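The values are calculated or read from the model by the stated rules, or taken from the named source; none is laboratory data. Just so we're clear, the structure is a prediction, and the values are computed from it rather than from any experiment. Positions of Cβ are backbone-derived with ideal geometry, glycine not excepted, and every protein chain shown enters the neighbour counts.
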C-alpha cells in the first residue's frame, strides 16, 4: 500500500498561491477545497481559481467539492484538468453516473462522506471509484481537531476496499498531523490531507516529507 500526502491550500496564503504551492514540491497531489456556503457553512473559491492554479503548477490537483448540486458542477473540474475530483455522496443524486462521467473526462473519481455518513450503504458503488475520502472533522473549516471516533469507520472502509480487491485509495481529511497520522495508517488509510500541519510549519515541504516517512513507518509489516 503506497502512502500519499496531499496538502490542502486552505491554510496557505491564498493571495500568493503560486509561491505557496512552489513551497511543497514533495506533495503527491495538491488538495483544493471548493466550498459554496450551501453544502458547508463556508465559502472559498470555485472553478476559475482552479483553472488558474492548473496553469501555474504541474503537480496533480486533488479537488474536494464541498458543494451542493455536485452532479451539475463536478464535471467542469475534470474538464479543467484536475487529476482527481471528489464529490460528496450526500450532494449527488446519481453518484454512479457522476463517477463514470468523471472517469470519461480523464479524472480519478472519488466519493467523500461526512463523519456521520456510514460507508456500508455505498459498498456496491466501490467498483465505480478510484478513491474514497472520509472526513475526520465536520467539513467546512480548516484547523479542526481530529475526531478519534472516525477510526472504526476507517477500518470498516479498509475492509470493504480489501474485499473489493481494486486499487482504490482511502483518503482521510481533517486534523491530520504528526500526532494523528500513525493511527490513521494503522486503521487502513493511505492518502492524507494535511493543511495546518504543513503550512504552519517553518518548512512546509520538510513537513510533507516527514509526514510521508512517518506514515510509511507506521504501515503494518
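Only one entry of 139, 115 meets the criterion of being surrounded by fewer than 16 Cβ atoms within 10 Å (Cβ to Cβ) and under 16 Å from the mean Cα position of the chain (by Cα), and that entry is 115. Does residue 151 meet the test of being outside any loop (DSSP other than H, G, I, E, B), in contact with a helix residue (DSSP H, G or I) (Cβ under 6 Å, 6 or more places away or on another chain) and more than 16 Å from residue 186 (Cβ to Cβ)? It is false that residue 151 is outside any loop (DSSP other than H, G, I, E, B), in contact with a helix residue (DSSP H, G or I) (Cβ under 6 Å, 6 or more places away or on another chain) and more than 16 Å from residue 186 (Cβ to Cβ).
The listed residues are 134, 105, and the only one of them that is farther than 19 Å from residue 72 by Cβ, in contact with a helix residue (DSSP H, G or I) (Cβ under 7 Å, 6 or more places away or on another chain), surrounded by 14 or more Cβ atoms within 10 Å (Cβ to Cβ) and at pLDDT 95 or above turns out to be 134.
Taking the criterion of being surrounded by fewer than 15 Cβ atoms within 10 Å (Cβ to Cβ) and either closer than 22 Å to residue 144 by Cβ or without any contact (Cβ under 8 Å) to a residue 24 or more places away in the chain (or both), the residues of segment 23-48 that qualify are 37, 38, 41, 43, 48. I'd like to know if segment 186-195 contains one or more residues that are at pLDDT 95 or above, surrounded by fewer than 23 Cβ atoms within 10 Å (Cβ to Cβ), closer than 19 Å to residue 137 by Cα and more than 16 Å from the chain's Cα centre (by Cα). Within segment 186-195, one or more residues are at pLDDT 95 or above, surrounded by fewer than 23 Cβ atoms within 10 Å (Cβ to Cβ), closer than 19 Å to residue 137 by Cα and more than 16 Å from the chain's Cα centre (by Cα). Picking from residues in segment 77-88 that are in contact with a strand residue (DSSP E or B) (Cβ under 9 Å, 6 or more places away or on another chain) and surrounded by fewer than 20 Cβ atoms within 10 Å (Cβ to Cβ), the one that is nearest to residue 147 (Cα to Cα) is 83.
With respect to (1) more than 21 Å from residue 86 (Cα to Cα); (2) buried (at least 22 other Cβ atoms within 10 Å of the Cβ), the lone exception for residue 149 is condition (2). Residue check: residue 146 meets all listed conditions (1) in a helix (DSSP H, G or I); (2) under 23 Å from residue 197 (Cα atoms) but one, namely (1). Number of residues in segment 10-36 that are in contact with a strand residue (DSSP E or B) (Cβ under 7 Å, 6 or more places away or on another chain) and modelled with pLDDT of 95 or more: the value is 12. Scanning segment 28-64 for residues that are assigned to a loop (DSSP other than H, G, I, E, B) and within 21 Å of residue 204 (Cβ to Cβ), which turns out nearest to the chain's Cα centre (by Cα)? Among those that are assigned to a loop (DSSP other than H, G, I, E, B) and within 21 Å of residue 204 (Cβ to Cβ), it is 29.
Is it fair to say residue 67 is in contact with a helix residue (DSSP H, G or I) (Cβ under 8 Å, 6 or more places away or on another chain), within 12 Å of residue 110 (Cα to Cα) and either modelled with pLDDT of 95 or more or surrounded by 18 or more Cβ atoms within 10 Å (Cβ to Cβ) (or both)? The answer is no for residue 67.
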